[in-house]
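Notes follow the structure.
The values are calculated or read from the model by the stated rules, or taken from the named source; none is laboratory data. Just so it is clear, the structure is predicted and the values come from calculations on it, not from any experiment. Note: ideal-geometry Cβ built from the backbone for every residue, glycine included; neighbour counts use all protein chains shown.
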Amino acid sequence: MKSDVIAVSSARDNTDAVMLQAEKVAAYQGLSSKNALHLRLLAEEMMSMMRAIAGDVDGDFWIENAGEQYELHLRVVTAMDMFKRERLLAASTSGKNEANRGFMGKIRALFEPMEDVPIFFDMSMDGLGADSTWTMHAYQEQIRNYVEENRPGAADAWDELEKSVVAHLADDVKVRINGREVEMVIYKKFA
């Protein structure tokens, strides 16, 4: 089943429409109140990420499910171009995007395909390029390895990951980049 598609934008708050959509899906599918709350929290976190993305971004949100497997989709077309990126980074003291730290910063950076390589994320790991995919599981494994190697900052990155609502509730998160189109999918299986 695929829910209605909700038009979303970083320029206006679409959270109420998205929350209503999550509630409708939960009711229609007969999810328990706990599972309905988890679906709502994941949708709310997804919208929070949407608002945190720099620049004007328009896109679509929807939920799909097959049996107990649910997918929350957010697809946007980024408005960032090389000129805008250079102007924004020039305003920074370091000349770099300092917001790309931690779990949520990594996801936000993927919505800016021309952004610098985020800390603790090896862009060659999944062959990120014109058509690429990033997964939460790969990121978690990378951070786990960095903690075992006692790399500077790895413990802080792991701590932030542990505090993430999405990292705790979602089974996986995948972000696919294809040119200026970016799609994030949060996967959750409800038993």
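Could you tell me which of the residues Ala7, Ala17 is part of a helix (DSSP H, G or I), of a type outside the set (Val, Ile, Thr) and modelled with pLDDT of 60 or more? Let's see the steps before the verdict.
Numbers: Ala7 fails: part of a helix (DSSP H, G or I).
Unique residue meeting the criteria: Ala17.
Residues checked against (1) among the basic types (Lys, Arg); (2) surrounded by 13 or more Cβ atoms within 10 Å (Cβ to Cβ); (3) assigned to a helix (DSSP H, G or I):
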| residue | (1), (2), (3) |
| --- | --- |
| Tyr146 | no, yes, yes |
| Asn150 | no, no, no |
| Ala157 | no, yes, yes |
| Glu162 | no, no, yes |
| Ala167 | no, yes, yes |
| Val175 | no, yes, no |
| Val182 | no, yes, no |
| Val185 | no, yes, no |
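What pairs can you find where one residue is in region 32-43 and of a type in the set (Val, Ile, Thr), the other is at pLDDT below 95 and surrounded by fewer than 16 Cβ atoms within 10 Å (Cβ to Cβ), and their Cβ atoms are less than 6 Å apart, with a gap of 6+ or different chains?
Listed pairs, sorted by first residue: none to list.
Inside region 1-18, can you point out the residues that are among the small types (Gly, Ala, Ser) and surrounded by 16 or more Cβ atoms within 10 Å (Cβ to Cβ)?
We begin by selecting, within region 1-18, every residue among the small types (Gly, Ala, Ser); these are 3, 7, 9-11, 17.
Residues satisfying the conditions are Ser3, Ser10.
Mind checking whether some residue in region 117-129 is at pLDDT below 75 and touching a Pro at 6+ places or on another chain (Cβ under 8 Å)?
Going through region 117-129, the residues at pLDDT below 75 turn out to be 117-129.
Subsequent filtering for residues that are touching a Pro at 6+ places or on another chain (Cβ under 8 Å) retains none.
No, region 117-129 has no match at all.
Going through region 133-144 one residue at a time, which ones are part of a helix (DSSP H, G or I) and buried (at least 18 other Cβ atoms within 10 Å of the Cβ)? It would help to see each step written out before you state the result.
Taking region 133-144 and keeping what is part of a helix (DSSP H, G or I), we get 136-144.
Within region 133-144, Met136, Tyr139, Ile143 qualify.
Please pick out the residue among Ala22, Ala36 that is more than 11 Å from Phe190 (Cβ to Cβ) and surrounded by 14 or more Cβ atoms within 10 Å (Cβ to Cβ). Talk me through it step by step, then tell me what you get.
Working: Ala36 fails: more than 11 Å from Phe190 (Cβ to Cβ).
Going through Ala22, Ala36 in turn, the sole match is Ala22.
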